[in-house]
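The block underneath contains the structure these notes are about, expressed in structure tokens.
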Amino acid sequence: MLRARRTQTLNRKALASYFKGDLGGCLFEWMAHGAPAVTLDVFVAYTELLLKEPMRYVKSEYSDKSFDKLELVIAIILKTPTILGDREAYSQVHLSASDVNKLTLGLIGLLVEREEKAEKAAQALTARILDEGSKETTLDTFFSRLRAELLLINIAVRRFFAKKLLGEQATSVPPMDRPSNLLDEGLLALLALSNGSIANAPKATLLFSTLSHGTSFNRLAYALRGYNAPTLFVLKHTEGGHSYLLGAFTKDQWEEALAYVGKPETFLFSLWPRYKPFFAFKGRGAANYTYFNTKKLERSKYKQGLGFGGNFERYRLWIDDESVSYTHLTLPTIYSV
């Protein structure tokens, strides 16, 4: 944690050495743009914008206080603190594809230990933000699409700076007990930014994978049956020479039934090459969350397998004995199921 007397000033080198990459230098430029020197009072006034809720500000008297934590950290990474003085001008700033990737890499980098672990996730998020075939977007579009997918991004930004500046113990990405050939820390960070149960999980424990347990659906069913903790599926699909990562998350206990079960917290997602969570909608079929049946029933609509969403004729995501490439992780949490 940084410590200084009120009369002392901070220099760029002090902040740069405290944060990985160029973030410390960017923070210093942000604090210095409206002050002759970065004194402790200036430091406190600016950092509370990243640490506190607006009603709890004590020092801040700057126009920056009208911006949320995501908007502030983006301006910091872009090294354009002066645009915070004009909200309309800020929202219309144009970003190239390279800018978008730099920003997504910077955001995911706040959550992972090493920047290289953020690269794949940043590419997947960049693909979500940019329209297909587009090479640029506006900052306003960037924010709207990012907030739509990463519901907890402002909380994550606050947690990061609280950990670095206040020494708070905060984990935004649950550590995996064993490495996965499909899921890395950066991709798991995307899911944690979309779902509180994943973000608050103490760890990610491998429950089933084809590498460790083979490709039998019966082995998968054995691992699931009666399991009472949130579970996260990640599957790899290859088609036409391209690979896709997709999956599902549910908090419900796994019990066999000839019916759909579950709660609205269940959702599907595309993880790579484009990140996109898919939540249940209100309307016909909205309660069709999960289906789990290991019995073979002749001439019945109740198939043997595991499905998410859709209906008994066409599931949104389906796993059966013919599925050969999938990894299954479970995320124990403190919540009841």
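For the chain, modelled as a GNM with alpha-carbon contacts under 10 angstrom, which of Glu168, Glu239, Glu149 fluctuates the most?
Comparing Glu168, Glu239, Glu149 in the GNM, the peak value goes to Glu239.
For the chain, what's the radius of gyration and Dmax over Cα atoms, in angstrom?
Over the chain's Cα set, Rg and Dmax evaluate to 22.6, 81 Å.
Return the inverse of the average 1/r over all pairs of distinct C-alpha atoms in the stretch 71-132, which is the Kirkwood hydrodynamic radius, in Å to one decimal.
Kirkwood hydrodynamic radius for the stretch 71-132: 12.4 Å.
For a quick check: with amide H placed at 1.01 Å from N, whose amide H comes under 5 Å from Ala204's, ignoring anything fewer than 5 positions away on the same chain?
Met176, Asp177
Taking θ as phi - 60°, what are the ³J(HN,Hα) couplings along the stretch 245-252 by the Karplus curve (6.51, -1.76, 1.60), each to the nearest whole Hz, with x for Gly and Pro?
Ordered by residue, 3J(HN,Hα) equals 10, 8, x, 8, 9, 8, 9, 7 Hz.
How would Ser96, Ser144 rank on accessible area, largest to smallest, probe 1.4 Å?
Ranked list, largest accessible area first: Ser144, Ser96.
Could you work out how far apart the two model spin labels at Lys295 and Ala37 are, taking each label as a point 7 Å from the Cα in the direction of the beta carbon, and quote it in nm?
The answer from the label model is 8.0 nm.
Given a cut-off of under 8 Å on Cα pairs at least six residues apart, what relative contact order in percent is computed for the stretch 227-268? Kindly include the intermediate steps, with their values, before the conclusion.
Working: 57 pairs, mean separation 16.3, N = 42.
Computed over the stretch 227-268, the figure is 39 percent.
Quick one: give the max-minus-min coordinate of the C-alpha atoms of the stretch 226-313 along each principal axis, largest first, in Å.
36, 29, 28
What ³J(HN,Hα) values, in whole Hz, does the Karplus curve 6.51 cos²θ - 1.76 cosθ + 1.60 give for the stretch 208-224 when θ = phi - 60°, with x put for Gly and Pro?
Listing the rounded values in order: 7, 8, 5, 5, 8, 10, x, 10, 7, 5, 4, 5, 5, 4, 5, 5, 8 Hz.
Hey, what angle do you get for helix 119-129 against the long axis of the chain, alpha-carbon based, 0 to 90 degrees rounded to 10?
Taking Cα atoms only, the helix is inclined about 90 degrees.
Projected area of the stretch 148-243, taken from the Cα convex hull and averaged over every viewing direction, in nm²? Please list the in-between numbers first.
Working: hull surface 32.9 nm².
Convex hull of Cα atoms, orientation-averaged projection: 8.2 nm².
What list of whole percents do you get for P(r) of the stretch 89-205, with Cα-Cα distances grouped in 5 Å bins up to the one holding the largest distance?
Pairs per bin, as whole percents: 2, 12, 21, 23, 19, 13, 7, 3, 1, 0.
Label-point separation (nm) for Glu256 and Tyr222, each offset 7 Å from Cα along Cα-to-Cβ?
1.4 nm
Considering Cα pairs under 8 angstrom that are at least six residues apart, work out the relative contact order of the stretch 95-245 and quote it in whole percent.
On the way: 149 pairs, mean separation 31.9, N = 151.
Relative contact order for the stretch 95-245 comes out at 21 percent.
Counting only the heavy atoms of the protein chains, how much of Lys163 is accessible to a 1.4 Å probe, in Å² to the nearest 10?
Spelled out: Lys163, probe radius 1.4 Å, area about 100 Å².
How much net charge surrounds Asp177 when only other residues with a Cβ under 14 Å from its Cβ are counted (Lys, Arg +1; Asp, Glu -1)?
Around Asp177, the charge tally is +1.
Which of Val157, Gly167, Gln123 sits farthest toward the positive end of the charge dipole of the stretch 77-215, with +1 on the Cβ of Lys and Arg and -1 on the Cβ of Asp and Glu?
Farthest towards the positive end: Gly167.
If you plug each phi of the stretch 35-41 into the Karplus form 6.51 cos²θ - 1.76 cosθ + 1.60 with θ = phi - 60°, what whole-Hz ³J(HN,Hα) values come out, in order, with x for Gly and Pro?
With the stated coefficients, the stretch 35-41 comes to 9, x, 8, 8, 7, 4, 4 Hz.
So, for the chain, what is the accessible surface per residue at a probe of 1.4 Å, expressed in square angstrom?
Working: 16910 Å² over 337 residues.
Accessible area per residue: 50 Å².
Comparing Glu298, Glu116, Glu136, which has the greatest mean-square fluctuation in the GNM of the chain with Cα pairs linked when under 10 Å apart?
For the chain, modelled as a Gaussian network with Cα springs under 10 Å, the answer is Glu298.
So what's the net charge close to Thr138: Lys and Arg +1, Asp and Glu -1, counting the other residues with Cβ under 15 Å from its Cβ?
Taking every other residue near Thr138 into account, the sum is -3.
D for the stretch 206-267, whole µm²/s, Stokes-Einstein with Kirkwood Rh over alpha-carbon pairs at 25 °C and 0.890 mPa s: what number?
185 µm²/s
If one takes the longest principal axis of the Cα atoms in the chain, at what angle in degrees, from 0 to 90 and to the nearest 10, does the Cα axis of helix 185-194 lie?
Compared with the principal axis, the helix lies near 90 degrees.
Below 8 Å, C-alpha to C-alpha, sequence gap of six or more: please give me the relative contact order for the chain in percent. Don't skip to the end; give the middle numbers.
Details: 586 pairs, mean separation 46.5, N = 337.
Averaging sequence separation for qualifying contacts and normalising by length gives 14 percent for the chain.
Which net charge results when you count Lys and Arg as +1 and Asp and Glu as -1 among the other residues whose beta-carbon is under 12 Å from that of Phe28?
Spelling it out: positives minus negatives among the neighbours equals +1.
The values are calculated or read from the model by the stated rules, or taken from the named source; none is laboratory data. For clarity, every value in this text was computed on a predicted model and none was experimentally measured. Don't worry about glycine lacking a Cβ; one is built from the backbone with ideal geometry, like all the others, and counts go over all protein chains shown. Accessible surface areas use protein heavy atoms only, side chains included; no ligands, DNA or RNA. Shrake-Rupley method; radii C 1.70, N 1.55, O 1.52, S 1.80 Å.
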